[in-house]
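Just so it is clear, none of the values below were taken in a lab; they were calculated from the coordinates. Please read all numbers here as calculations on a predicted model, not as lab measurements. All Cβ positions, even for glycine, are placed from backbone atoms using ideal geometry, and neighbour counts span all protein chains on display.
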């Protein structure tokens, strides 16, 4: 499988990365180089093989559902690009 | 530079406990040496002298009372992927260039609990994506080892700054993270010891995520015993990381120096790759001979899916990265670039904040997870990952450890591979399998090539059996008697 410049534009949109038009061709070439190289996985017989999602062999532990942290608004906001009156300030997202 | 900095971690902590040297004196020496080396090596991203000296003073107080932890008073360098409270933590990325965490990663807080003194943050490939430290937003790190004609070499990556700092005797140990080889390959390139323990042995909490099912925090050190001490001082169960191992931490340090007699060592034929320099093959053969002489039995084994590990990794890791890095949206922390609407703010922020390699990997990850391609790419790669784990499971039915080269070459010149992503990715051909399987692996310096550059050997063992890894690593170190050091030019 290979991707076109249109596909790359769509992938960039999905990834929320503004890729300038003049970079699309170069990116298409780079991504196709990698995707073609990855194609060799088709040689592996994976019939009936389970997909591995993690090397962890024990069940996911569950903790008691208690509040264990909080009351630290200033610390939470300390790295905000914009904040005001104890809130994050974000661009308008609802018309 | 003070000769104190040339000591091993083991030696210096002995001197600290005997009060032959103070933690404050040591911290001042290390700060001065690291800062003096910075213009030449470019290995560091942040210092905080007040913090360093305050921590050293606290160590001196404890040492004066005959108290103190495993590494009390020893200055430690920290890869810029670990959150250190109040200190710039950027993952060598513009998107986090002003980020100062208000919390401490579990690994660093465990190190401080064991008496470590924060020395500085170290440069890395942006978000740990790279094998040469050239994708760092602050530019490449120079390897203390230089080429035959004095050319600048890569220290490897992604943990290049930490590897360079240990190799140049600027600290007594450093942290790294290893997602596909980012500790072991730089260790091999700098003549240092690098360890990636069993997945989950060291907590990932507070470590900036790249690919969560593959990320392994671990140490760089000057000797195998030092690396065991460092790993001991970093490990343990962490309720804040749901993948953290609940098992007790074995005594890694005690394993160093124990006999390897009777151990079965596997030598996988698939690690003999095309174009591998003869000297690497020679170092590997030498390693086999050393272990034979120490009483090990050498067994030829096969890990048939080895060649598929890297392509599988370049689906799984970007997929997880595209998800993990979705958090950098310019809203709650990090860079924000304005735009005409919310989507434009996201897109402009991520275009300005991420470098090319990170953008490329996010896009590969986005593509392989997107509708219509998930089964063909992502699901297949996860199944191949199972095949790789099965290879190891089968091999470990007959052998106790596996010996391979750590990397397919010695350190290469900066700029020589940066235009070819796949050539760069191939650096991790020997290391990436252990990340996919989650098994422990370490790189130990084994000799030098014709240009005098260090070469490393890798030891891989069963999950949870770091002790055998340290035993074999120590035996290799003993036999190799590797004591080459880069000539100081920085």
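So the values come out like this:
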item	result
Alpha carbon centroid spacing (whole Å) that separates the stretch B:297-356 from the stretch B:105-178	21
Cα pair distances in chain A, grouped into 5 Å bins until the bin that holds the longest one, percent each	2, 8, 10, 8, 9, 10, 13, 14, 12, 10, 2, 0
Chain B, Cα convex hull volume normalised per residue, Å³	135
Ranking of B:364, B:78, B:298 by count of other Cβ atoms within 10 Å, fewest first	B:298, B:364, B:78
Kirkwood-type radius of the protein assembly as shown, with distances r between different C-alpha atoms, in Å	24.1
Partner chain coverage, peptide A:81-94 - average Cβ within 10 angstrom	3
Ascending count of other beta-carbon atoms within 10 Å, so fewest first, for B:489, B:145, B:205	B:489, B:205, B:145
Inter-chain Cβ neighbour average for residues B:328-339, partner chain, 10 Å	4
Peptides B:134-143, B:265-274 ordered by average Cβ neighbours within 10 Å, highest first	B:134-143, B:265-274
Fewest-first ranking of B:120, A:72, using other Cβ atoms within 10 Å as the exposure measure	A:72, B:120
Number of partner chain Cβ atoms within 10 Å, mean per residue of A:3-10	1
Structure-based [θ]222 nm, chain A - -39500 (n - 2.57) summed over DSSP H runs of at least 4, per residue, nearest 500	-10500 deg cm²/dmol
Shape metrics for the stretch B:3-258, restricted to C-alpha atoms - Rg then Dmax, Å	16.5, 52
Relative contact order (%) - criterion: Cα under 8 Å, at least six apart; region: chain B	18
Histogram of C-alpha separations across the stretch B:338-490, 10 Å bin width, %	9, 24, 28, 23, 11, 4, 0
Mean ellipticity per residue at 222 nm, deg cm²/dmol - from DSSP H runs of n ≥ 4 across chain B, formula -39500 (n - 2.57)	-11000 deg cm²/dmol
Hull shadow area, averaged, the stretch B:12-117 [alpha-carbon convex hull, nm²]	6.7
Segments B:24-35, B:45-56 sorted - mean Cβ within 10 Å per residue, highest first	B:24-35, B:45-56
Length gained when the stretch residue A:40-residue A:23 is fully extended (0.36 nm per residue, less Cα-Cα span)	3.4 nm
